[in-house]
Amino acid sequence: MANPTKKQRELLNYITRFIAEHGYAPSYREIKQALSYSAVSTVAAHIRNLTTAGYLRKRDKSARSLEVV
């Protein structure tokens, strides 16, 4: 498992805090807005890379199903 980049760590930290605060994962649009990304596709690319690397897991195909591993 490779170390996450600075942007990926920022994303993981945000997701972790959001889940702790709200009890569910943030939407891609909430992540985009909170981290000032230019597009939802940027969020999706980071999440896909973090999932592949084993840092995140998607419980199912529904929204707000991210889990930090």
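Residues in region 58-69 that are small (Gly, Ala, Ser) and either open to solvent by less than 50 Å² (accessible area, probe 1.4 Å) or touching a residue at least 24 places away in the same chain (Cβ under 8 Å) (or both): Ala63, Ser65.
Here Phe18 meets each of (1) in contact (Cβ under 8 Å) with a residue 12 or more places away in the chain; (2) within 23 Å of Ala2 (Cβ to Cβ) with one exception, condition (2). Scan region 12-29 for residues that are within 10 Å of the chain's Cα centre (by Cα) and not aromatic (Phe, Trp, Tyr) and jot them down. Within region 12-29, Leu12, Asn13, Ile15, Thr16, Ala25, Pro26, Ser27 qualify.
Filtered by the rule that a residue be open to solvent by less than 40 Å² (accessible area, probe 1.4 Å), in a helix (DSSP H, G or I) and touching a strand residue (DSSP E or B) at 6+ places or on another chain (Cβ under 8 Å), region 9-57 gives Leu12, Ile15, Ile47, Leu50.
The values are calculated or read from the model by the stated rules, or taken from the named source; none is laboratory data. The model shown is predicted, which means the values in this text are computed figures rather than measured ones. Ideal geometry is used to build each Cβ from the backbone, glycine not excepted, and the neighbour counts take in all protein chains shown. Each accessible area value is taken on the protein alone, full model and side chains, heavy atoms only, with ligands, DNA and RNA left out. Shrake-Rupley method; radii C 1.70, N 1.55, O 1.52, S 1.80 Å.
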